[in-house]
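Reviewing the structure listed below.
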Amino acid sequence: MAACAQAAAALSTEQAKAVLAEVIKAFGSPENAQRMDEARDNACNDMGKMLQFLLPVATQIQQDVIKAYGFSNDGEGVLKFARLIKSYESQDPEIASMSGKLKALFLPPMTLPSHGASTGGVATS
């Protein structure tokens, strides 16, 4: 098992880009797009339901692609892939951009609290 993990972790930057592109493309296939839409509809913009319905579908779509590159065909394989991509984000702007695109496919946009309003700053419209 350790040998398999080592093989998966040995993707070059170019290989990581290729796998990432393939994963993004998989989300765009008509079948997977329909699965994601159904999961989103079931989640009704509720974060808890997003985790319950959307994340398992997104994980399965990624698993179907990355297993061909030596990652285990389970949630752990997806986590290892995510960690590998994260490690390349700071080295390669294209990977960082692709990673952001992938996350946007299944994670709701995060809204950060405005720090200006709490310090008495002028609200902008």
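Rounded to a whole number of µm²/s, how large is the Stokes-Einstein D of the range 1-100 at 10 °C and 1.306 mPa s, given Rh as the Kirkwood radius over C-alpha pairs?
It diffuses with D of about 112 µm²/s by this estimate.
Looking at the square roots a ≥ b ≥ c of the eigenvalues of the Cα gyration tensor of the range 15-64, which shape do they give, rounded for a/c under 1.5, prolate if a/b is larger than b/c, or oblate?
Because a/c hits 1.5 or more and a/b exceeds b/c, the range 15-64 counts as prolate.
Please give me, ordered by residue number, the chymotrypsin sites (Phe, Trp or Tyr not before Pro) of the range 1-96 that lie in loop per DSSP and have at most 15 other Cβ atoms within 10 Å.
Of the chymotrypsin sites (Phe, Trp or Tyr not before Pro), not one in the loops of the range 1-96 has a Cβ with at most 15 other Cβ atoms within 10 Å.
Can you work out ³J(HN,Hα) from phi for every residue in the range 53-62, in order, using Karplus 6.51 cos²θ - 1.76 cosθ + 1.60 and θ = phi - 60°, giving whole Hz and x for Gly and Pro?
Computed from phi, the couplings for the range 53-62 are 9, 7, 4, x, 5, 4, 5, 4, 4, 5 Hz.
At a Förster radius of 41 Å, what calculated FRET efficiency corresponds to the Cβ-Cβ distance of LYS25 and MET47, to the nearest 0.05?
0.90
Each residue of the range 91-104 in turn: what ³J(HN,Hα) in whole Hz from Karplus with 6.51, -1.76, 1.60 and θ = phi - 60°, glycine and Pro shown as x?
8, 9, x, 5, 5, 4, 5, 5, 5, x, 5, 5, 4, 5
Computed from the coordinates by the stated procedures, all read-outs in this text should not be read as laboratory data. What you see is a predicted model; the values in this text were computed from it and never measured. Note that each Cβ is placed from the backbone with ideal geometry, even for glycine, and that neighbours are counted across all protein chains shown.
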